[in-house]
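**Student:** Below is one structure. I have some questions about it.
The values are calculated or read from the model by the stated rules, or taken from the named source; none is laboratory data. A quick note: this is a predicted structure, and the numbers were derived from the prediction, not measured. We place every Cβ from the backbone using ideal geometry, glycine too, and count neighbours over all the protein chains shown. What goes into the accessible areas is simple: the full protein's heavy atoms, side chains included, and nothing from ligands, DNA or RNA. Shrake-Rupley method; radii C 1.70, N 1.55, O 1.52, S 1.80 Å.
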Amino acid sequence: MISNLIKRGVDFTKKNPTILYSLVLIVAVTAIIFFNSYYSLRKFESSTDKLLQSKALLAGNVLKTFGSDLVDERENLQAKIDAIKEQDSEIKDIAILKPGEEGGAFSVVASTAGSDNVESQSTLYAILWSEGEAIAFLDHDEQGRFWNVGDVIRDMDGKKTGIALFRLSLSEHDRFVQSIIDRVYFVALASLVVVLLLVVNHARLFKYELKATKLEEIDKMKDDFISMASHELKSPLTAIRGYIGLLNDNLQGKPDSDEAKNQRRYLENMDISATRLRDLVEDLLEVSKLEQNRLPIRPEDMDLTAIVQGSVNEMGVSAQQKKLQLVNGVKKNLRVSADPERVKQILVNLLSNAIKYTPEGKVEIKSKQDDKFVYVTVADTGLGMSAENMKKLFSKFYRVKSEETSKISGTGLGLWISKEIALKMGGDLTVESIEGVGSHFTLKLRKV
Ligand code: ADP
C-alpha cells in the first residue's frame, strides 16, 4: 500500500517535474531557517555564558579584596555581604570562610541567608586553598543554572587568610534566551506556513498553466481546422459560382417567358448566397493566416494617393447603386511605408462598410498628416453606433445588432482583419461614431 503510494508519487513527479520545484522550496527554506536560527542561538548562548563568567570572576575579585580587610570582623563583613546581595539580584549566595586552627575544617565567617549549603562543599574549599587561584564553574539546582565562583583571600603579606564563595544566578539570562528561542521558533514556524501557502498557490498556478497549455493546443487545432476547412470549401464554391455564371449565360438567349424570369431570379439568389459564402470563407482564411502569422505583409515606399483613388474607383459602382455621394478629398503626393495590397484591402473594406451602413447622404475619404504618420479617414453620414458598440467593434465576429443592421449581411470579421493588418504595418485603425449621425474610421500609416 505504502509502496504503491510512493510509486504513484514518483510517477506524478515524473509527469509534472515543476512539482519538484515546490518540494525543493519547502525543504530548502525550512532547513535554512531552522539551521540559521539554531546556530545563531547557540553562538549567542555560548558568548553570553562567557560574558557572565567574566562578570562572576570580576565580582569574586572585588569580594576577595574587601574580604582581606574584614575577614576577622564578622559583623562588618556580614553587613557588607548583605548590602552586595541587596544591590545585585543576580548574586544568589555569598559566603566568606576561614580555615580552622592548624588546617582544621573551614568555618563560615559571614554568609547571606540561604547559603547554608556552603559548608557541605568541603572538597571545593580544599582544592581552592591548595591551588590558591580563582575558580569558576557552571552548576545548576532546582532554581536554574548559576556560575559557582571561589577565590582565596590573602592579607597584605600575601598569606592566605580565607576563601570567598559566591554564586551568580543565570536564571534571568536563561529566561531571556528562552524567550528569544521561542520567538525564533515562532518566526521559523510562521515562515514555514507562508512557504506552504506559497506552494499551495504555486500548485494552483501550475494547474492553470496545464489548462493554458491545453487551451493553446486546442486553439491551434481550431486554427488548423479553420484553415483546412476554408481551403477545402474554396474550390467547390468557385465551381458553384462558375456554374451559376454558365447557367446565367444560357438563360440570356432564351425568350423572356415567366419560367425564364423565375429561373433568373433563382440564379440571382443562388449567386448572392454563394458570394456570401465565398466572403465568409475568404475572411476565415485571412483570420487563420493572421493568427498563425502566415499573412505576407511587405511594407514598401508606396504612393497612398494612387491606392486611395484605385479603391474609390472600385467602390464607385456600389455607391452609385445606393445613390450615395462618394467624395475623394485625399491630398496629392502622400507617401507611406506600407504594403499597397493590404492598404487597398483595408480601404475597400472601410469604404464598402461605409456604403453598406449608410442609407443616404455621402461617404467621404480625406487625409491629414503629422511628422510621423498619415491619417486616412473614411467618413459617412450613416447609421453610426453607440459608445458601447464602439468598444467591441474590433472584436472577431462582432456585429452591431439593430433593426437596420439585421437586414445587412456580413461576417463581423472585416474590421478585425483590417485592424490586425494595420497594427502589423506599424499603424492603427480607430473609430469615432455617433449613433444616427455617422461614423469616421481612421487608418493611421507610417510616413516614409
Ligand atoms: P461586417 O460588415 O461583415 O459585419 P465588419 O467587421 O466590417 O463586419 O464590421 C463589424 C460591424 O461594425 C458591422 O456588422 C456593423 O454593425 C459595424 N460597422 C462597420 N462599419 C460601419 C459603419 N461605417 N457605420 C456603421 N456601422 C458600421
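**Student:** Identify, please: which residue in the stretch 296-315 is closer than 30 Å to GLY329 by Cβ and within 46 Å of the chain's Cα centre (by Cα) and is, among those, surrounded by the most Cβ atoms within 10 Å (Cβ to Cβ)?
**Tutor:** Filtering first and then ranking leaves LEU304.
Okay, residues lined up against (1) touching a residue at least 40 places away in the same chain (Cβ under 8 Å); (2) closer than 21 Å to ASP428 by Cα; (3) in the same structural domain as LYS222 (by TED's automatic domain parsing):
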| residue | (1), (2), (3) |
| --- | --- |
| VAL317 | no, no, no |
| VAL327 | no, no, no |
| LYS332 | no, no, no |
| LEU350 | yes, yes, no |
| LYS356 | yes, no, no |
| PRO359 | yes, no, no |
| THR381 | yes, no, no |
| MET385 | yes, yes, no |
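**Student:** Also: Restricting attention to the stretch 336-354, which residues are within 19 Å of ASP380 (Cα to Cα) and open to solvent by less than 10 Å² (accessible area, probe 1.4 Å)?
**Tutor:** Result: ILE346, LEU347, LEU350, LEU351, ALA354.
**Student:** Just need a number here: residues in the stretch 154-174 that are open to solvent by less than 30 Å² (accessible area, probe 1.4 Å) and over 14 Å from ALA126 (Cα atoms).
**Tutor:** Total satisfying the criteria: 6.
**Student:** Please go through the stretch 413-432 and give me each residue that is farther than 19 Å from SER386 by Cβ, more than 12 Å from the ligand (Cβ to nearest atom) and in contact with a strand residue (DSSP E or B) (Cβ under 6 Å, 6 or more places away or on another chain), ordered by number.
**Tutor:** Matches in the stretch 413-432: ALA422, MET425, GLY426, GLY427, ASP428.
**Student:** Okay, moving on. Would you point out which residue out of LYS396, LYS362 is at pLDDT below 95 and not aromatic (Phe, Trp, Tyr)?
**Tutor:** Result of the check over LYS396, LYS362: LYS396.
**Student:** Restricting to the stretch 31-73, and then to whatever is modelled with pLDDT of 75 or more and open to solvent by less than 30 Å² (accessible area, probe 1.4 Å), can you tell me which residue is nearest to LEU168 (Cα to Cα)?
**Tutor:** Once the filter is applied, the top-ranked residue is LEU52.
**Student:** Kindly establish whether GLY410 is assigned by TED's automatic domain parsing to the domain that holds MET315, within 12 Å of the ligand (Cβ to nearest atom) and under 21 Å from GLY316 (Cα atoms).
**Tutor:** Yes; evaluated as a whole, the condition is true for this residue.
**Student:** Quick check: is even one residue across the stretch 237-260 outside any helix (DSSP H, G or I), without any contact (Cβ under 8 Å) to a residue 40 or more places away in the chain and of a type in the set (Lys, Arg)?
**Tutor:** Yes, there is a match, as at least one residue in the stretch 237-260 is outside any helix (DSSP H, G or I), without any contact (Cβ under 8 Å) to a residue 40 or more places away in the chain and of a type in the set (Lys, Arg).
Matching residues to (1) within 30 Å of LEU58 (Cα to Cα); (2) touching a helix residue (DSSP H, G or I) at 6+ places or on another chain (Cβ under 8 Å):
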| residue | (1), (2) |
| --- | --- |
| ILE180 | yes, yes |
| VAL194 | no, no |
| ARG204 | no, no |
| ASP223 | no, yes |
| MET228 | no, no |
| LEU233 | no, yes |
| ILE244 | no, yes |
| ASP249 | no, no |
| GLN252 | no, no |
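Residues are listed down the side, and each one gets a yes or a no for (1) buried (at least 18 other Cβ atoms within 10 Å of the Cβ); (2) under 51 Å from the mean Cα position of the chain (by Cα); (3) of a type outside the set (D, E, K, R):
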position	(1), (2), (3)
ASN250	no, no, yes
TYR266	no, no, yes
ARG276	no, yes, no
VAL287	yes, yes, yes
GLN325	no, no, yes
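Yes or no, residue by residue, for (1) of a type in the set (Lys, Arg); (2) farther than 17 Å from LEU350 by Cα; (3) open to solvent by 50 Å² or more (accessible area, probe 1.4 Å); (4) out of contact with any strand residue (DSSP E or B) (no Cβ under 6 Å at 6 or more places or on another chain):
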site: LYS366; (1), (2), (3), (4): yes, no, yes, no
site: ASP371; (1), (2), (3), (4): no, yes, yes, yes
site: ASP380; (1), (2), (3), (4): no, no, no, no
site: GLU388; (1), (2), (3), (4): no, yes, yes, yes
site: LYS401; (1), (2), (3), (4): yes, yes, yes, yes
